[in-house]
Each structure stands twice: as structure tokens, then as C-alpha cells.
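Contents: one structure, followed by commentary.
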Amino acid sequence: MQTTRTDPPYVPLRQSGWPTRRAPRWALGAGAVLLAAAVAVGLSHRPTTGQRAGDLRGLIHQLNTDIESCSGGVRESLFVLRKIDAGTSSDVKTAVSVASTASANCSPANNELLDDLTTAQAPESLAGYHLQAAVTALIDWAAPHAEQVTADVATVLSDRGKPAEAADRAALRQALHKLDAQRAVFYAALEPAIRSLSPASAPPTLYG
């Protein structure tokens, strides 16, 4: 006698999870159009050579403004030292004050302009010239190098005629050598952009 099956028929389990919905063709086409539009907008906003030259001049002006007091202090410190050494001035006390003040002005902690310099950013339009390296090099020129030179000038003046003077002057010569080397690093970082975009522009004057 044949037995009749009452259990439901076997249905194989699905091997994957929820079914994946494919994006409709119109959505893919719309995405391509939006991408093309974004690229076109980006290209239309690419700065011209004239705009980049203007941005470079603006950056140079900012750097010069921020470093001017420190650089001028280096110049004045060396000037008063030469006057004392040459015998055209005997006011050592004032000369020491000039050099000490200059050293303080080359520290970002004491000079708001140098503090501003530590946060300066090169314009995005000049990104290809990597000018942030120039900004960093200028900060390093001021502190510690210019700060050290002016402090050494004050020490030399304070120790005039004392046994320590010879060592003080040797330290000053070494500090000046480092200052010169750092100046060269800054000018080298800035020069390609000036040569390419604004040959008539001059970099900030760094004394030493």
C-alpha cells in the first residue's frame, strides 16, 4: 500500500543574503554628469599666472612686515658693535641695551609680528612652489639664529676688556655663520617662485 506524503516540498535555501539592488542606468548617468560638472568648476577656478603673481607679492609683503623688526635689530646691533670697536662711540651701556632689545625682538614670545609669522600660511594658489618651506626657514632665521647673534653681540659688549671677550667674539662669529647659512636656505626656498611669477619682486632683507 502506497503512503501519501503530506510534508511540504523541499525548497533549497538561498546561498546569499538579501538580494542586491542594482542602481538604475539613469542614476549612473546622473552621477557621471555631476562628476564632469565638478571637474569643470574646478578648472574654471584655477588661478591665472597674474593672480598667482599677486598672491606671491602679498605673501612677500607679509613676510617682510613680520620679520622687519627682528632683521632691523640685527643690523642695529652689529652697527653699534662696529662703532664701539672703531672708537667712534664709547657708550657701551646704550650699545648693550640696543643688542639686548634686538635679541628680545627676535623671539616670537616677545614679538607679536614674529608670533604671527609662526602661523603664516602660503596661499593655495602657490602650492606648486612649496613656499611653506620658505616660511619655516624664515622663522628659523629669526629664532634661534638672529636671536642668538644679537644676544652674542650684547655679551661681547658687556665683556669688553675682560678675559672672556675672545671666547665671546668666537661665539659671535660662529653664530653669524649659522645666520648666513639660514638666510641662504630661506632665499633658495623663495627664489623659484619669484623667478617664475614676479621677477621684479625682492625677498625680505635679512641683515647679518
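The values are calculated or read from the model by the stated rules, or taken from the named source; none is laboratory data. All values reported here derive from a predicted model rather than from experimental measurement. Here the Cβ positions follow ideal geometry from the backbone for every residue, glycine too, while neighbour counts run over all protein chains shown.
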Check: Can you name the condition, by its number, that L138 falls short on among (1) within 16 Å of the chain's Cα centre (by Cα); (2) closer than 17 Å to S69 by Cα; (3) of a type outside the set (G, A, S); (4) not in a helix (DSSP H, G or I)?
Finding: (4)
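Would the stretch 107-122 turn up any residue that is touching a Leu at 6+ places or on another chain (Cβ under 8 Å), buried (at least 19 other Cβ atoms within 10 Å of the Cβ), part of a helix (DSSP H, G or I) and not hydrophobic (A, V, I, L, M, F, W, C)? Spell out how you get there, then give the answer.
To start, the set of residues in the stretch 107-122 that are touching a Leu at 6+ places or on another chain (Cβ under 8 Å) comprises 107-108, 117, 120, 122.
Then keep just the ones that are buried (at least 19 other Cβ atoms within 10 Å of the Cβ); that gives 108, 117, 122.
With part of a helix (DSSP H, G or I) added as a condition, the list becomes 117.
Still in the list and also not hydrophobic (A, V, I, L, M, F, W, C): none.
Checked against the condition, which is being touching a Leu at 6+ places or on another chain (Cβ under 8 Å), buried (at least 19 other Cβ atoms within 10 Å of the Cβ), part of a helix (DSSP H, G or I) and not hydrophobic (A, V, I, L, M, F, W, C), the stretch 107-122 yields no hits at all.
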Margin query: Just to be sure I understand the filter: pairs with C-beta atoms under 9 Å, separated by 6 or more residues or on different chains, first member in the stretch 167-186 and β-branched (V, I, T), second member surrounded by 13 or more Cβ atoms within 10 Å (Cβ to Cβ) and modelled with pLDDT of 95 or more. Which pairs pass?
Written below: V185/A133; V185/A134; V185/A137; V185/D140; V185/W141
Next item on the list: Pairs only if they're at least six apart or on different chains, beta carbon under 9 angstrom, first in the stretch 93-106 and farther than 12 Å from V156 by Cα, second of a type in the set (D, E) and surrounded by fewer than 21 Cβ atoms within 10 Å (Cβ to Cβ); list them, first residue then second.
Entry: V98/E76; T101/E76; A102/E76
Margin query: Checking the structure you have, find out if any residue of the stretch 81-104 is of a type in the set (D, E) and not in a helix (DSSP H, G or I).
Written below: yes
Next item on the list: Return only the number of the condition from (1) closer than 30 Å to D55 by Cβ; (2) free of Cβ contacts under 8 Å to residues at least 12 places away in the same chain that L114 does not satisfy.
Entry: (2)
Notebook entry, point to check: For the stretch 56-77, how many residues meet the condition of being under 22 Å from A127 (Cβ atoms) and not acidic (D, E)?
Noted result: 9
Check: In the stretch 144-157, is there at least one residue being in contact with an Asp or Glu (Cβ under 6 Å, 6 or more places away or on another chain) and either β-branched (V, I, T) or modelled with pLDDT of 95 or more (or both)?
Finding: yes
Next item on the list: Output the residue which, of all residues in the stretch 182-202 that are under 17 Å from the mean Cα position of the chain (by Cα) and surrounded by fewer than 18 Cβ atoms within 10 Å (Cβ to Cβ), is farthest from C70 (Cα to Cα).
Entry: P192
Next item on the list: Quickly run through the stretch 179-207 and pick out the residues that are over 27 Å from L78 (Cβ atoms) and assigned to a helix (DSSP H, G or I).
Entry: P192, A193, R195, S196, L197
Next item on the list: Identify, by number, the condition in (1) part of a helix (DSSP H, G or I); (2) in contact (Cβ under 8 Å) with a residue 24 or more places away in the chain; (3) of a type in the set (A, V, I, L, M, F, W, C); (4) under 20 Å from S196 (Cβ atoms) that A127 doesn't meet.
Entry: (2)
Item checked: Index of the failed condition, A151 passing every other in (1) in contact with a helix residue (DSSP H, G or I) (Cβ under 6 Å, 6 or more places away or on another chain); (2) closer than 27 Å to A202 by Cβ -> (2)
